[in-house]
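The values are calculated or read from the model by the stated rules, or taken from the named source; none is laboratory data. Note that this is a predicted model, so its numbers are computed, not measured. So basically every Cβ, Gly included, is an ideal-geometry build from the backbone, and we count neighbours across all protein chains shown. To get the accessible areas, we keep the full protein, side chains included, count just its heavy atoms, and leave off ligands, DNA and RNA. Shrake-Rupley method; radii C 1.70, N 1.55, O 1.52, S 1.80 Å.
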Amino acid sequence: MTDTDINREQWLRNAREGFVTSAPANRNYYRLILETLWPPEHTIPGPVVFLSDIRQVIDNFRGVGKPYQDVPRRIRELQGEEGFLGIKKYGNGQYTRYQLVSLEISPKRIQRVKLSDTFWERILTKYQHRCAVCGRTEPAVILERDHKIPRLRGGSNEEDNWQPLCGECNNFKSTACRGCQLECNQCPWAFPERLAPIKISERNIQGLRDIALQKGVSPDSLVNELIEGYLEEQS
């Protein structure tokens, strides 16, 4: 049976009944997101929908209070623990868009645990209240709670499997994880403290290239030569 053969109302009903979250509000938000991504009289793939339009649907449902800010997180939960792999994300910022391209639903994950403030503060202190990947701090960014190794890949809720990520890095990590079959222990998103690329300023990069050109060697060889010399001096 193809996606076009599946009845929209039946699929949405089965999706709602299969939600693993126990939070009533989130169940309603998930329902609204899926209904917006697969509107009546539309086939699959569904339309490409702006994040702002999905947020407006949820704000209309809520009726009161400030605009709901956690729509991207709810969508990531749908893609993750709820298993809706057919939700695809395009763009970032005000140009963020989503599309339901497939009705595939993967096995559900175990629900995310609620961390105590003391537990989370211990993790933040460990990372000096910085995003583990880009190093930015609050209030410039909002630090989110991330499993280094995703629960879908066997990651635990133990303290050493948590890290703070800003919303942007968390989005990038979620995208990189989707469909990835590489070992998580080799992933720079999961273990940025030992695997993330080392950042060198543009000025230093240009200086190294100029010197390498003068010496007639490759910039990579020059960098390794300098590092090896420094490490020998320190040993």
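Within the option set Ser156, Ser102, being part of a loop (DSSP other than H, G, I, E, B), under 25 Å from Asn26 (Cα atoms) and without any contact (Cβ under 8 Å) to a residue 12 or more places away in the chain holds for one residue only, Ser156.
So, in segment 33-48, exactly how many residues are surrounded by fewer than 18 Cβ atoms within 10 Å (Cβ to Cβ) and either closer than 30 Å to Val113 by Cβ or not charged (D, E, K, R) (or both)?
First pass over segment 33-48, keeping only residues surrounded by fewer than 18 Cβ atoms within 10 Å (Cβ to Cβ): 35, 39-43, 45, 47-48.
Of the ones still in play, those that are also either closer than 30 Å to Val113 by Cβ or not charged (D, E, K, R) (or both) are 35, 39-40, 42-43, 45, 47-48.
Qualifying residue count, segment 33-48: 8.
For the criterion of being at pLDDT 90 or above, of a type outside the set (Phe, Trp, Tyr) and touching a helix residue (DSSP H, G or I) at 6+ places or on another chain (Cβ under 8 Å), His129 fails.
Residue by residue, here is whether (1) closer than 24 Å to Leu78 by Cα; (2) β-branched (Val, Ile, Thr); (3) not in a loop (DSSP other than H, G, I, E, B) holds:
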{"position": "Pro164", "(1), (2), (3)": "yes, no, yes"}
{"position": "Gly179", "(1), (2), (3)": "yes, no, no"}
{"position": "Ile200", "(1), (2), (3)": "no, yes, no"}
{"position": "Asn204", "(1), (2), (3)": "no, no, yes"}
{"position": "Leu213", "(1), (2), (3)": "no, no, yes"}
{"position": "Val223", "(1), (2), (3)": "no, yes, yes"}
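Only a single item in (1) open to solvent by less than 80 Å² (accessible area, probe 1.4 Å); (2) more than 22 Å from Glu81 (Cα to Cα); (3) among the charged types (D, E, K, R) is not met by Glu159, and it is number (2).
When we screen Lys108, Lys173 for residues that are closer than 30 Å to His42 by Cα, touching an Asp or Glu at 6+ places or on another chain (Cβ under 8 Å), open to solvent by less than 90 Å² (accessible area, probe 1.4 Å) and in contact (Cβ under 8 Å) with a residue 12 or more places away in the chain, the only hit is Lys108. Looking across Ala15, Ala25, one residue alone is at negative phi, among the aliphatic types (A, V, I, L, M), free of Cβ contacts under 8 Å to residues at least 12 places away in the same chain and assigned to a helix (DSSP H, G or I). It is Ala25. Is it fair to say Tyr68 is modelled with pLDDT of 95 or more, among the aromatic types (Phe, Trp, Tyr) and either open to solvent by less than 50 Å² (accessible area, probe 1.4 Å) or on the phi > 0 side of the Ramachandran plot (or both)? Answer is no for this residue. Selection of segment 71-100 for residues being under 23 Å from Pro150 (Cβ atoms), among the aromatic types (Phe, Trp, Tyr) and surrounded by fewer than 17 Cβ atoms within 10 Å (Cβ to Cβ) yields only Tyr90. The set of residues in segment 121-141 being open to solvent by less than 60 Å² (accessible area, probe 1.4 Å), in contact with a Leu (Cβ under 9 Å, 6 or more places away or on another chain) and more than 18 Å from Pro72 (Cβ to Cβ) consists of Ile123, Leu124, Tyr127, Ala132, Thr137. One residue stands out in segment 190-221 among those that are open to solvent by less than 70 Å² (accessible area, probe 1.4 Å) and touching a residue at least 24 places away in the same chain (Cβ under 8 Å): the one that is farthest from Asp146 (Cα to Cα), namely Ala196. Of all the residues in segment 175-232, those that are at positive phi and modelled with pLDDT of 90 or more number 1.
Scoring Ile149 on the criteria (1) under 29 Å from Glu104 (Cβ atoms); (2) out of contact with any Gly (no Cβ under 6 Å at 6 or more places or on another chain); (3) of a type in the set (A, V, I, L, M, F, W, C) leaves a single failure, condition (2).
If you check Leu78, Leu85 for being in a loop (DSSP other than H, G, I, E, B) and closer than 24 Å to Arg153 by Cα, only one passes: Leu85.
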